[in-house]
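For reference, the structure discussed in these notes is given below.
The values are calculated or read from the model by the stated rules, or taken from the named source; none is laboratory data. What you see is a predicted model, and the numbers here were worked out from it, not measured in a lab. No Cβ is skipped: glycine too gets one built from the backbone with ideal geometry, and neighbour counts run over all protein chains shown.
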């Protein structure tokens, strides 16, 4: 701690001692009531021990009520003695029971000094103004009571604020003496004067002051309880977010695994599903779809051809043109895939987009012959993405088209096969990204197998060789 901090601490401690001596020697002393002294000492001690943390730097305690009541009811020497006893008990409690013996030695002395300074300042005002609790409460007397309470609270808060600034190096703005100090303590000081007046008129009525003290504590506890509840909610939300991330990651792995499973039946479409998903997400973002809708679109893209698992290899891998009966079988993969995902509670919401991703804008598609906006938007997007990916990638029966050829083909199919708005989004993306957007997902496969035609004799080991998982 800096030298300036120590000088400030010693200044406050010596000032409190000097003011107390001044008051004790200048203010007329009286014997006072021992039972009243004991009651107020016990009450102040209890309220000093029971504190509520109201901010990072400050704690609330209701002792201001009993301290101010003692200020108006006890002679100075008994007032100071009752504060000293209360803080001595608090120090012993913290030292022996809270295991805070390592706290700085000066801390409790400093807290004691703040209360003594507040009381000494209030007694000086009483001495200079001649205020007495025995007279009628006129308007000037009422204002004088407010001044006495204010001086008591202000001196306490200034010394506390000074400690935070000079010792803890907290900024003046963070200390906020008015909002977190005077505004909370001054009403309690006024309640302390009210308790003194009630006691002087009818001692037993003073017991009812317990009710506002309890309400004050409850009010001070609310921000703490709210903060604890918010922290608990934040921790719970963080745990949920972590668990949700794990679940999302597992779902992502599931989608990719499923896509690879049915892509693995045909090495030429080994990256087809992932590439369709990339195109679909880009178009969804270009059309300003909601993030939730884009995620559904991406998931549907990964699984859009899952129904091809049920298509015989002889048809699926046929290098020549399919006849009518074979084509009718291939078209069933839309319904088959949709039926697959409908059996899963977590995936059934994707079924319409998988089922209708081969529907055409002009109504000439399959399986239902839907047209226009009767086709779900996600399915319309998947239609163009699936077609672009097929045109851009090498296949046994054709070479990949160039980007300009693909764009021209897409434009010609706008309003017939494709939704014109989706076509516009696709064209916009290609104009912005150039040739980097459209990818030949089967280029590496085609380079290694440019003269290969697939047939039913392909084995698992041959597929592993194609994917580079086993030596040729």
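Residues of the stretch 72-98 being within 44 Å of the chain's Cα centre (by Cα) and not in a helix (DSSP H, G or I), which ones?
Scanning the stretch 72-98 gives 97, 98.
Kindly establish whether residue 158 is farther than 30 Å from residue 33 by Cβ, in the same structural domain as residue 45 (by TED's automatic domain parsing) and surrounded by fewer than 20 Cβ atoms within 10 Å (Cβ to Cβ).
Here the answer is yes, as residue 158 does meet what is asked.
Could you give every pair whose Cβ atoms fall below 7 Å, whose first residue belongs to the stretch 398-409 and is touching a residue at least 24 places away in the same chain (Cβ under 8 Å), and whose second residue is in a helix (DSSP H, G or I), counting only separations of at least 6 or pairs across chains?
Close Cβ pairs satisfying both conditions: 400/392; 403/430; 403/435; 406/388; 406/391; 406/392.
Being over 19 Å from residue 403 (Cα atoms), in contact (Cβ under 8 Å) with a residue 24 or more places away in the chain and in a loop (DSSP other than H, G, I, E, B) is the filter here, so list the residues in the stretch 267-288 that pass it.
270, 287
Any residue at all in the stretch 227-242 that is modelled with pLDDT under 70 and either out of contact with any helix residue (DSSP H, G or I) (no Cβ under 7 Å at 6 or more places or on another chain) or loosely packed, with under 11 Cβ neighbours inside 10 Å (or both)?
No, the stretch 227-242 contains no residue that is modelled with pLDDT under 70 and either out of contact with any helix residue (DSSP H, G or I) (no Cβ under 7 Å at 6 or more places or on another chain) or loosely packed, with under 11 Cβ neighbours inside 10 Å (or both).
Surrounded by fewer than 19 Cβ atoms within 10 Å (Cβ to Cβ), farther than 14 Å from residue 283 by Cα and out of contact with any strand residue (DSSP E or B) (no Cβ under 9 Å at 6 or more places or on another chain) - does that describe any residue in the stretch 416-426?
Within the stretch 416-426, one or more residues are surrounded by fewer than 19 Cβ atoms within 10 Å (Cβ to Cβ), farther than 14 Å from residue 283 by Cα and out of contact with any strand residue (DSSP E or B) (no Cβ under 9 Å at 6 or more places or on another chain).
I need a count of the residues in the stretch 167-193 that are in a helix (DSSP H, G or I) and modelled with pLDDT of 75 or more. Break it down stepwise before answering.
Initially, the stretch 167-193 is screened for residues in a helix (DSSP H, G or I), giving 172-175, 177-193.
Pick out the ones that are also modelled with pLDDT of 75 or more and you get 182-193.
Total satisfying the criteria: 12.
Out of all the residues in the stretch 280-316, which are surrounded by fewer than 19 Cβ atoms within 10 Å (Cβ to Cβ) and modelled with pLDDT under 90?
Matches in the stretch 280-316: 309, 310, 312, 313, 314, 315.
Would you point out which residue out of 142, 131, 208 is touching a helix residue (DSSP H, G or I) at 6+ places or on another chain (Cβ under 7 Å) and either in a helix (DSSP H, G or I) or surrounded by 15 or more Cβ atoms within 10 Å (Cβ to Cβ) (or both)?
Values: 142 fails: touching a helix residue (DSSP H, G or I) at 6+ places or on another chain (Cβ under 7 Å); 208 fails: touching a helix residue (DSSP H, G or I) at 6+ places or on another chain (Cβ under 7 Å).
One residue alone meets the criteria, 131.
So which residues in the stretch 103-119 are closer than 14 Å to residue 9 by Cβ and either more than 38 Å from the chain's Cα centre (by Cα) or at pLDDT 85 or above (or both), if there are any at all?
Answer for the stretch 103-119, where residues must be closer than 14 Å to residue 9 by Cβ and either more than 38 Å from the chain's Cα centre (by Cα) or at pLDDT 85 or above (or both): 105, 106, 109, 110, 112, 113, 114, 117.
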